[in-house]
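Report on the structure given below.
The values are calculated or read from the model by the stated rules, or taken from the named source; none is laboratory data. Everything quoted here is computed from the prediction, not taken from an experiment. Heads up, the Cβs are rebuilt from the backbone with ideal geometry, glycines too, and the neighbour counts pull from every protein chain shown. The area values use the complete protein model at the heavy-atom level, side chains included, leaving out ligands, DNA and RNA. Shrake-Rupley method; radii C 1.70, N 1.55, O 1.52, S 1.80 Å.
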Amino acid sequence: MSSRLLRGQPLAGRHVVLGVTGSISCYKAVELASRLVQAEAVVDVALTAHAAEFVTPLTFRSITGREPYLDMFRPHGEHGEAHVELARRADLMLIAPATASTIARIAHGLADDFVSLTALATTVPLLVAPAMDSQMWEHAATQANRTLLAERGVQFVGPAGGRLASGRVGAGRLVEPAEIVERVKARLGREHGDLVGRRVIVTAGGNREAIDPVRFIGNHSSGKQGYAIAAAARDRGATVTLISTAGLAPPPEVDVIAVSSHAEMFAAVQAACRGADVLVMAAAVADYRPVAPADHKIKRERAGDVTIELTQNADIIASVDEPGLVKVAFAAETDDLMENAARKLTAKGARLLVANDVTAPDAGFAVDTNRVTILDDRGGADELALMSKYDVGMRLLDRVAELLAEAR
Ligand code: PMT
């Protein structure tokens, strides 16, 4: 098992070449470099002369701790063929921001600055995040170049829509650095992850059970834990389907199916699990629903006190019966955590169960951290410290990956 995954940090030690070309959004490349470094990647920055007009090489050197590549004719370190050496060492090359002319240069095999030179010399995955005015992006020449590069396997990240430097509103903004980093993780996961070729289904959020057209019975689940597991599975190379009731921003490169009630989640989980390898039920599923939801809003003045009769919902995870599927349950408890969790592990037919004390202020519902114990069907219990929900996902998937490897 790779140590970079154990620490929940899939970019640790990965070598990313960040090509920066001349655009007003160069300032965002500084944040991007910083985020990649914080994610423990080794980052080498290559700049065009135009990019260096917007942001100095010194800025990138200060952030990455490494000398940026700028001048093709000035020896860089020990290597005479610096671009070839850089291209060979990289795990991934990312050009952000990428101007129309850089996209054109790469599409047509021109190599007259350090960025296009390295892009031409490398065989590793190439991600391109364009930034330009919307008219330039929509121009037939740029679109033809984009198509050509996409056909050759280059992955485009954006551009995003919104207000541009010209004052125009349209497509052409550099995608936000946080999302670009997610795309880098996802791409490297597909290259090197231990869940490549696996289909992982994750549920997130709490169900809403209608009382009448305006009211529902719900719970406090925000969906954060499920989304974090989905992102972690994606970063390990899995094909991920997230079945969610939550309105959070969808994680890039994860297929999200929006549901609300228990009945909708039940149907979506049954369908998605066909042929899948893993089901992680992080959702806070509604155990009960009103027997007879009203067709019209219940009027306080007319109805007076109201009694709502509830009926039990089917157990979703227990009813999934897909051969070879590794089922992972959660248990959100307010008391007798370990006893209840152990009982649920068996009752749900799960291989693993994540026991979650939801009374602590820094764990459970709606916060970004969690403190859990992972139980397994062999009697093991792994008590984890407080950590981010993404790291919980990584630790859980370490266990899932072991189970999948055993079953081979
Ligand atoms: O979404 P967040 O705000 O990030 O919060 C995360 C969380 C606290 C919701 C999450 O970590 C968690 O604990 N999820 C499980 C909540 C829950 O419903 O626990 P439970 O003990 O009621 O259910 C046990 C397991 O059976 C769960 O995996 C549940 O998804 C599943 N279940 C429950 C009832 C039912 N009818 N069908 C089910 O499949």
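A straight Cα-to-Cα reach below 24 Å connects residue 28 with the lysines 185, residues fewer than 8 places away in its own chain not being considered.
Legend: translational diffusion of the range 3-188 by Stokes-Einstein, Rh = Kirkwood radius over C-alpha pairs, 10 °C, 1.306 mPa s; D = 97 µm²/s.
Of all segments of the chain bounded by GluC sites (Glu not before Pro) found in a DSSP loop with no more than 15 other C-beta atoms within 10 Å, the longest spans 82-308. FRET efficiency for the pair residue 72 and residue 196, taken as 1/(1 + (r/R0)^6) with r the Cβ-Cβ distance and R0 = 35 Å, rounds to 0.45. What separates the Cα centres of the range 155-186 and the range 355-370 is a distance of 33 Å. Basic side chains Lys and Arg get +1 at the Cβ, acidic Asp and Glu get -1 at the Cβ, and with that the dipole of the chain about its Cα centre reaches some 580 debye.
For the chain, give the share of DSSP beta bridges that are antiparallel, in percent and rounded to the nearest 5; count only bridges with both residues there. Rounded to the nearest five, the antiparallel share is 35 percent. Selection among 143, 218, 373 by position relative to the dipole of the chain gives 143 as farthest towards the positive end (Cβ unit charges, Cα centre). Between the residues 340, 397, 249, the greatest Cα displacement towards the positive end of the dipole of the chain, with unit charges on the Cβ of Lys, Arg, Asp and Glu, is found for 249. Counting only protein heavy atoms and a 1.4 Å probe, the range 194-407 has 47 square angstrom of accessible area per residue. A simple spin-label model places pseudo-atoms 7 Å from Cα toward Cβ; at residue 215 and residue 366 they are separated by 2.1 nm. The Rg/Rh ratio for the chain, using Cα coordinates for both the radius of gyration and the Kirkwood hydrodynamic radius, is 1.06.
Hey, for a label at residue 255 modelled as a point 7 Å past Cα toward Cβ, could you say which residues of the range 167-193 have their backbone N under 15 Å away? Counting only backbone N, you get no residues. In a simple Cβ point-charge model (Lys, Arg +1; Asp, Glu -1; nothing else charged), the range 208-336 has a dipole of about 440 debye relative to its Cα centre.
Packing, taken as the mean count of other beta carbons within 10 Å per residue, orders the peptides 317-327, 274-284 from highest to lowest as 274-284, 317-327.
The long axis of helix 337-347 is offset from the longest Cα principal axis of the chain by roughly 90 degrees. Here the label points at residue 150 and residue 169, each 7 Å from Cα along the C-beta direction, are separated by 2.5 nm in the simple model. Just the protein heavy atoms count here, and of the accessible area of the chain at 1.4 Å, carbon and sulfur take up 51 percent.
Stretched out straight at 0.36 nm per residue, the stretch from residue 296 to residue 384 would grow longer than its current Cα-Cα span by 26.9 nm.
Taking label points 7 Å from Cα along the Cα-to-Cβ direction, residue 49 and residue 340 give a separation of 6.8 nm. The value of relative contact order for the range 194-407, using C-alpha pairs under 8 Å at least six residues apart, is 21 percent.
If you take all other residues with their beta carbon under 11 Å from the beta carbon of residue 49, and give Lys and Arg +1 and Asp and Glu -1, the sum is -4.
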